[in-house]
Amino acid sequence: MSDSETLSDTTQSAHPDFLHSFNDADADIIVRSSDDIEFRLYKVVLAKASPIFKALSASTQQTGDGDQSAAAFPEGLPVITVSEDGQIFENLMRLCYPVEQPHFDRLDDAAGVMEAAKKYGMTPVLVRMKDSLMSFIEREPLRIFALAYRWRLEDVARKAATQFLGHSLRSLPPSMPAEFHHLLIPSDTYYNLQAYHRRCMDFAVSHTVSLEWVLSVRGHKVKKAFRKGGKPWLDVSSSWIWFSCKSRDCEVDRTGIAITMGECKGTFRPKVWWMDYIRRARQELENRPVGRAVKGPAMLEPSLRKAGNCLTCGPAAYQDLMEFSELLAARVDESSAQVNTIRMNDVPV
């Protein structure tokens, strides 16, 4: 048995999952990973996938960035040695060959493949890896932002910045995350990202401070009414239940919402249970300026329980508050969409 056969057999038995798709007998080149996994591949596929591999496979001399070398193999096939380990290189090749595509359980694994793709000039692979990055965006938006910024994936970076709004600034580490250091991203980018979060927070909170808009929502608008021989007045009898309820047993909040319609003016005081929701929504938005922060059972139930004590509010409170929370959430997200995110400054490559 030759030395080449011994090495190949040893590698395959130690790493049986790596070579089943890349061990073709008629391969015309071998790529050896940093942990001695050997991939029997086709030059034409490598050349189409990467200009770097095209150049390397055309010569047996080192011409790369210092961690690639080519040498004659005893079987007569050229060998290229790369600095990536077998797992990263296998996933990289799966994205180039018509085989089952890789699935990533860890962001570090996906990042390793994308760094290799960038290094070897595999732009189509970077594009195909967007979906893999997006699967981590809810849990790790800062890391996704840093990686997308590094690889010039502007649409992913913007989505990560938006997803970052769902995380409180209070949970951030005191210093810049490691990814920003390692990927040579300008420090002001990290602080601009925090400034973006604060700007969105200011807009989001404003919807719970200036409340005139609540009485201009279609289907719940305050209306101008007329009495015989009298001046017109503003009527909220067909508006939200927290305004239209006339029960004296249902406590009214001291907050007054002033409305002007032409010559008509009026100040309307909502029920306490609704203002309780507004105040809790404001507190949530000060931490997480995203629409979903003001929706859901945890946000609605405390106020609905209080509304249930009123025979007038109780039957209508659930439907009205659910509808209102959706409208408030939409306004929050629409206002955030108007805030400029981060500009892609030059990043060293």
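Considering only the range 250-258, I want to know if a residue exists there that is among the small types (Gly, Ala, Ser), without any contact (Cβ under 8 Å) to a residue 40 or more places away in the chain and either surrounded by 14 or more Cβ atoms within 10 Å (Cβ to Cβ) or closer than 30 Å to SER187 by Cβ (or both). Talk me through it step by step, then tell me what you get.
Taking the range 250-258 as the starting set, the residues that turn out to be among the small types (Gly, Ala, Ser) are 256, 258.
Filter once more, keeping what is without any contact (Cβ under 8 Å) to a residue 40 or more places away in the chain: 256.
Right, trim to either surrounded by 14 or more Cβ atoms within 10 Å (Cβ to Cβ) or closer than 30 Å to SER187 by Cβ (or both) and you get none.
No, the range 250-258 contains no residue that is among the small types (Gly, Ala, Ser), without any contact (Cβ under 8 Å) to a residue 40 or more places away in the chain and either surrounded by 14 or more Cβ atoms within 10 Å (Cβ to Cβ) or closer than 30 Å to SER187 by Cβ (or both).
You will find that of ALA55, ALA72, ALA47, ALA111, the residue that is surrounded by 18 or more Cβ atoms within 10 Å (Cβ to Cβ), small (Gly, Ala, Ser) and at pLDDT below 95 is ALA111 and no other.
For the range 121-135, the set of residues classified as assigned to a loop (DSSP other than H, G, I, E, B) and surrounded by fewer than 20 Cβ atoms within 10 Å (Cβ to Cβ) consists of GLY121, SER135, listed by residue number. Against the list (1) farther than 23 Å from PRO289 by Cβ; (2) modelled with pLDDT under 90, the condition MET176 fails is (1). Looking at ARG218, ARG282, just one residue is surrounded by fewer than 17 Cβ atoms within 10 Å (Cβ to Cβ) and closer than 30 Å to ARG143 by Cα, and that residue is ARG282.
The values are calculated or read from the model by the stated rules, or taken from the named source; none is laboratory data. Quick caveat, the model's predicted, so the values are computed rather than measured. No Cβ is skipped: glycine too gets one built from the backbone with ideal geometry, and neighbour counts run over all protein chains shown.
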